Structures are given as structure tokens and as C-alpha cells.
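Q: The following block contains the structure, expressed as C-alpha cells.
The values are calculated or read from the model by the stated rules, or taken from the named source; none is laboratory data. The shown structure was predicted, so the numbers you read here are calculated from the model rather than taken from an experiment. FYI the Cβ positions are ideal-geometry reconstructions off the backbone, even for glycines, and counts take in every protein chain you see. Areas reflect the complete protein model, heavy atoms only, side chains present, ligands, DNA and RNA absent. Shrake-Rupley method; radii C 1.70, N 1.55, O 1.52, S 1.80 Å.
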Amino acid sequence: MGEMRVPAGSYYGAQTQRAALNFPISGLRFPRPSSALCLIKKAAAETSRELGLLDPETAKVIIQAADEVIDGRLDDQFVLDIFQTGSGTSTNMNANEVIANRAIELRGGRIGSKEIHPNDHVNLGPIEQ
């Protein structure tokens, strides 16, 4: 899909930036969009760890990052318009990217390195198997 520039210091990545540029419909943002979605991401990480699908250290930092989102500490990283396409894929990827990059940072890695991958780790869950 090509190179995408993401603002420095962002926890979201190319998928979120692409959606923000493609769907600037209303200027309205979700009011605390991240809490319910990130509760699901946290539960999926806990369950995936228990099932042996996610290593304990990766699960730990994903859970910690999800908790930070749930607590509202990363609200500014949810930049998408409330009106998108109907599927919710952009919002889901926004959450995956924010959690993955914050988890990487918590582990001492470089944001954007994908050592914790938005799809392969954060979006991992028993339902997706």
C-alpha cells in the first residue's frame, strides 16, 4: 500500500494514519472509544497466554498497555473520525497499533519495530484462531 508518514511520537501506525487521511468525514471522534475495545484486547491477551498462544512476557506488556488505554492515558492516540466505513476495521487497527507500540516501549524496544505485532500478537485471540 506504499509508504505512510506517521507523526513522530505517535503510538498509532500506518494503518491508522491511512484511515485518518482517507475518512476525514465529520471531525468528530469517539468519546473514549478505546475502553471497551481494549478490555476485549486485554481479555484476549490473558486468554491467549493461558492457552499457550502468546508467551507470558509479551502478554504481560500487552495487558499493561491495554490497561493504560483503558485508564485513558492514551486517548490522544485514537484519532479516527467516528464515521468511517461500516466494518470497524480502522478502529480495531488503531487499538492494535497503539497497544502494540506501547507494549514494545514498555519492553524497552523501539516503537514501530513490530517486535510485538499489531495483528499477530495484539489481535491474537481464540476467536481469530
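Q: Of the conditions (1) over 9 Å from the mean Cα position of the chain (by Cα); (2) modelled with pLDDT under 95; (3) farther than 13 Å from K42 by Cα, D71 clears all except one; give me its number.
A: (3) is the only condition that D71 fails.
Q: Quick one: which helices (runs of 4 or more DSSP H) lie wholly within segment 4-93 and hold at least 2 residues that are out of contact with any helix residue (DSSP H, G or I) (no Cβ under 7 Å at 6 or more places or on another chain) and among the aliphatic types (A, V, I, L, M)?
A: 14-22, 34-50
Q: So, E97, is that one buried (at least 16 other Cβ atoms within 10 Å of the Cβ) and of a type outside the set (A, V, I, L, M) or not?
A: yes
Q: Return yes when L51 is under 24 Å from Q17 (Cβ atoms), modelled with pLDDT of 90 or more and not small (G, A, S) and no when it is not.
A: Spelling it out, it is not the case that L51 is under 24 Å from Q17 (Cβ atoms), modelled with pLDDT of 90 or more and not small (G, A, S).
Q: Does A59 satisfy being without any contact (Cβ under 8 Å) to a residue 40 or more places away in the chain, of a type outside the set (V, I, T), closer than 29 Å to I25 by Cα and surrounded by 19 or more Cβ atoms within 10 Å (Cβ to Cβ)?
A: Judged against the criteria, A59 is not a match.
Q: Return yes or no: is N119 in contact with a helix residue (DSSP H, G or I) (Cβ under 7 Å, 6 or more places away or on another chain), open to solvent by 50 Å² or more (accessible area, probe 1.4 Å) and not in a loop (DSSP other than H, G, I, E, B)?
A: When the stated conditions are applied, N119 passes them.
Q: Right, something else. Given (1) in contact with an Asp or Glu (Cβ under 7 Å, 6 or more places away or on another chain); (2) open to solvent by 40 Å² or more (accessible area, probe 1.4 Å); (3) at pLDDT 85 or above; (4) not polar (S, T, N, Q), where does I40 come up short, assuming only one miss?
A: (1)
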